[in-house]
Amino acid sequence: MTQQGVRWSAEQVLALAPDAASRKAGSKLAAAGPWSGTGCDDEGTVWGLCKGSGSKPYQTIVDMAESSAPAYKCSCPSRKFPCKHALGLLLLWAADPAAVPAGQEPPDWARQWLDGRRQRAERKEAAASGEGAADAEAARKRAERRAQRIDAGAGELERRLADLLRSGLAGAEQAGYALWEETAARMVDAQAPGLAARVRELGAIPGSGPGWPVRLLEECALLHTLVQGWLRRDRLPAELAATVRSRVGLPGSADGPPVRDRWLVLAQYDTADARLTTRRIWVHGEQTGRTALLLSYGAAGRAPDLMLPTGLALDAELSSYPGAGQLRAALGKQFAAPAPASPRPPGLTVAEAAARYGEALRGDPWLDSVPVTLEAVTPVPQGGRWQLADAAGEALPVTASACSGPGFWRLVALSGGAPLRVFGEYGHRGFTPLTVWPAGPGEAVTLR
């Protein structure tokens, strides 16, 4: 439930937008001029009428009762969620309390939609609680059939890796990307999307510059280890077997015991392809000291449901997914709405960050990176690349992808040669900064 008086910042609202065009269009509607009949209540509902090109204004309403996943309704014809009118209304609500007064009662048109939404949620919950043993048995049979298909795909992939090494790595450069794309398609047919993704990554290595044969051999070895882990999953320790299933691409359920804490949102960013947008949200528990990853997905044209902008904190329960060193968790019951927070996560030295990654690899050899907060590091150029160095003179290289983005130069500007606290992801490719806290008091600054 949205707390009365707690309004989001413009940056937090714009993080809801499904694309850059929506952010631009929504920003143009963040003024009182086109709006009438605006208001918000203590339950987390914001509404208003926006003048459009027609004779009737667009009826726009946002339900933020579960403010980590707002729901939207607008009478405009847009197929984007949220549309520009919902974004404009929320931007107005965030910037001008007088323009969207609090403590109001929703109008009838808004109340009808809210009541229908709550009733559908109750019916869905009742239906979920009525699932019987027959559904569980059907799910078990589907899982068995899928495992058999993955067995066949894993065996085929193992043979293709053996053929590659037998004929020599030079053949990989001559064959081009088509060889890997065809192999990845076979893994998709085998219902092993995790294997397909790793195969596609192999295809990009031969063109990645000097030293590519070594990198290709390393990645082939990791993929071979994963395939062998899957084929011998019944002999593995339970946690490692769960990690292998996750890496292959089998869905899991967050069956860990709920852990309640006040979770500080460290970073939120999206990655997208033609079909899907994936949102990654890192949170840190103030009491448990645990860092967890929340994932949310959105189909093309829709933003992911879960939205927790950096700098907020929420009192909630998280349940972990199975697997050795698994950081992914599912958001459970929320006891209060996310609200701006001032605490900062504790930081590590560069040596401690490197040791943490090494420890994590023991439980999950296929791990690309771990979340770490670096304490008092300064960006410094070194040999044509950038590093983050601490007072002990030790440094982590910044990934090439991070250095090419505008966020990194924001980090350099904020530093001005002075040390900062920086949160990001550290792995074998280097450190990717995601959030920075300036020296002294100040809000977190997102870098991506």
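Here are the numbers for this structure:
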quantity	calculated
Criterion (in contact (Cβ under 8 Å) with a residue 40 or more places away in the chain, crowded, with 21+ Cβ neighbours inside 10 Å and closer than 30 Å to G249 by Cβ) met by exactly one of L293, L318, L312	L318
Residue check for F335: in contact (Cβ under 8 Å) with a residue 40 or more places away in the chain and touching a Leu at 6+ places or on another chain (Cβ under 8 Å)	no
Test: residue in the stretch 396-403 that is in the same structural domain as T373 (by TED's automatic domain parsing), touching a His at 6+ places or on another chain (Cβ under 9 Å) and at pLDDT 90 or above	no
Pair list, Cβ under 7 Å, 6 or more apart: the stretch 202-228 residue in contact (Cβ under 8 Å) with a residue 60 or more places away in the chain, other residue of a type outside the set (D, E, K, R) and surrounded by fewer than 20 Cβ atoms within 10 Å (Cβ to Cβ)	L222/P365; L222/W366; L223/L161; H224/L161; T225/P365; L226/W366
Some residue of the stretch 264-280 being within 30 Å of Q334 (Cα to Cα), open to solvent by less than 10 Å² (accessible area, probe 1.4 Å), aromatic (F, W, Y) and within 17 Å of the chain's Cα centre (by Cα)	no
Members of the stretch 402-448 found to be over 24 Å from R356 (Cα atoms) and assigned to a strand (DSSP E or B), listed by number	V445
Number of positions in the stretch 347-361 that are part of a helix (DSSP H, G or I), surrounded by 12 or more Cβ atoms within 10 Å (Cβ to Cβ) and of a type outside the set (A, V, I, L, M)	3
Residues located in the stretch 78-117, provided they are aromatic (F, W, Y) and either assigned to a helix (DSSP H, G or I) or closer than 13 Å to Q59 by Cα (or both)	W93, W109, W113
Complete set of residues in the stretch 59-77 that are out of contact with any helix residue (DSSP H, G or I) (no Cβ under 7 Å at 6 or more places or on another chain), open to solvent by 40 Å² or more (accessible area, probe 1.4 Å) and within 18 Å of D305 (Cα to Cα)	E66
Residue within the stretch 375-391 that is open to solvent by 40 Å² or more (accessible area, probe 1.4 Å), under 17 Å from L420 (Cα atoms) and assigned to a loop (DSSP other than H, G, I, E, B) present	yes
Of residues in the stretch 91-138 being among the polar types (S, T, N, Q) and at pLDDT 75 or above, the one least open to solvent (accessible area, probe 1.4 Å)	Q104
Which numbered condition G256 misses (of (1) part of a loop (DSSP other than H, G, I, E, B); (2) loosely packed, with under 13 Cβ neighbours inside 10 Å)	(2)
K51 surrounded by fewer than 17 Cβ atoms within 10 Å (Cβ to Cβ), under 23 Å from A20 (Cα atoms) and modelled with pLDDT of 90 or more	yes
Matching residues in the stretch 281-307 - criterion: being closer than 23 Å to D63 by Cβ, hydrophobic (A, V, I, L, M, F, W, C) and modelled with pLDDT under 95	L295, A299, A303, L306, M307
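The values are calculated or read from the model by the stated rules, or taken from the named source; none is laboratory data. Being a predicted model, the structure only gives us computed values, none of them experimental. Reconstructed Cβ throughout: ideal geometry from the backbone, glycine too, with neighbour counts over all protein chains shown. Side chains included, ligands, DNA and RNA excluded: accessible areas come from the protein's heavy atoms. Shrake-Rupley method; radii C 1.70, N 1.55, O 1.52, S 1.80 Å.
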